[in-house]
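Down below is the structure, laid out as structure tokens.
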Amino acid sequence: MRNKFAVIGLGIFGNSIARTLAERGAEVLAIDNDEDHVEAIKDEVAYAVSLDATDIRALEAQNIQDMEAVIVAIGEDFEALLITTANLQELNVKRVITRASNAQQRRILEKMGVQEILSPEGEVGKTVAERLLQPSIRTFLPLPDNYEIVEINAPRNIANRSVAKISLREKYNLNLITIKRFFEEIQDGKPTQVEHIIGVPKAETIIYPSDILLLIGKKQDVKRFIEINR
């Protein structure tokens, strides 16, 4: 079931996510209640279906609960977006990612318990797709010539090893820019995990399991590093 996603709502934002996922080799189920939107993307994805996503039985008939993640990208009808999101929660979809067009919508979704909320004004479809395909990537910045700067959770297999022993440059053609690390501090009388930059890592710097690495390199080298060490 890895790399099996559904995108509900095929406007500009949802269409961009669905196409990018498909281009990267994911199996994509594209859903919209507008047949023209479905027709426009049907040749680009594995499956394209016209249905009303507020109908929980229609979603269940598509085996939506088997998806690795479902992205609700409905843009104009917030009521439909809420009902669709609630349906996915009721079907116990493993990962539900929902669009919010403004701060008020975000607050409502947060109260529903939605953990991942997208703001199209601050998110590009390709960025969202990258995060879905590589869950350990927290953020990334595409650069010319297929390079990118990525912020990733420290892969499991490099935890508790020094920067020198990992051999990022020699083995993976990657450069480590810095490390984000969490420290426990007392704030308002309570212990709180606070994120700090530890500066330019040295050869003897140890990578902790909870560290966040900021790397620069080619997209394929980042992908290889994550896959080998996760």
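Numbers below:
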item	result
Rg over Rh, two decimals, region 1-72 (C-alpha only, Kirkwood Rh)	0.92
Under-5 Å amide H pairs with THR139, H placed in peptide plane, nonlocal only	GLU151
Amide H contacts of ILE177 (H built 1.01 Å from N, under 5 Å, at least 5 apart or other chain)	LEU214, LEU215, ILE216
Accessible-area value, ARG107, 1.4 Å probe, nucleic acids and ligands omitted, Å²	130
Estimated Rh, the chain: Kirkwood, alpha-carbon pairs, angstrom	19.3
Amide H within-cut-off set for ASP211, under 5 Å, with H built and near neighbours excluded	ALA154
Helix 78-90 vs. the chain, principal-axis angle (Cα, 0 to 90°, nearest 10)	70
Choice from THR20, THR85, THR139 with maximal GNM fluctuation in the chain (Cα, 10 Å cutoff)	THR139
Using distinct alpha-carbon pairs, which all enter the 1/r mean, Kirkwood radius of region 51-111 in Å	11.7
Accessible area expressed per residue, the chain, with surrounding protein chains retained (probe 1.4 Å, Å²)	54
Euclidean distance between Cα centres, region 171-230 to region 1-39, Å	32
Using θ = phi - 60° and Karplus 6.51 cos²θ - 1.76 cosθ + 1.60, couplings along region 185-198 (whole Hz; Gly, Pro as x)	10, 8, 10, 6, x, 10, x, 9, 7, 10, 7, 9, 8, 9
Inter-label distance, nm, simple model (7 Å from Cα along the C-beta direction), PHE183/GLU23	4.2
Global geometry of region 1-137, whether rounded, prolate or oblate, following the gyration tensor of its Cα atoms and the 1.5 cut on a/c	rounded
Range of Cα positions in region 132-230 per principal axis (Å), largest first	48, 29, 22
Accessible surface of region 96-219, 1.4 Å probe, proportion on carbon and sulfur as whole %	51
With Cα atoms, 0 to 90° folded angle of helix 12-23 axis to the chain main axis	60
Net lengthening on full extension, ARG57/SER210 (0.36 nm per residue, minus Cα-Cα)	51.0 nm
Region 156-204: C-alpha gyration tensor shape, a/c 1.5 cut-off, then a/b vs b/c	prolate
Cβ charges +1 (Lys, Arg) and -1 (Asp, Glu), total dipole of the chain, debye	1480
Residues of region 54-84 with amide N under 19 Å of a point placed 7 Å along Cα→Cβ from ASN92	56-70
Helix 219-229 vs. the chain, principal-axis angle (Cα, 0 to 90°, nearest 10)	80
Extension gain from THR192 to LYS165, taking 0.36 nm per residue of separation minus the Cα-Cα distance	6.6 nm
Residues in region 205-230 that a label on ASP145 would reach, taking backbone N under 19 Å of a point 7 Å out along Cα→Cβ	215-223
The chain: most fluctuating residue of VAL96, VAL72, VAL194 per GNM, C-alpha cutoff 10 Å	VAL194
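The values are calculated or read from the model by the stated rules, or taken from the named source; none is laboratory data. If you're wondering where the values come from, they're calculated on a predicted model, not measured in any experiment. Heads up, the Cβs are rebuilt from the backbone with ideal geometry, glycines too, and the neighbour counts pull from every protein chain shown. Side chains are part of the model used for accessible areas, which takes the heavy atoms of the whole protein and leaves out ligands, DNA and RNA. Shrake-Rupley method; radii C 1.70, N 1.55, O 1.52, S 1.80 Å.
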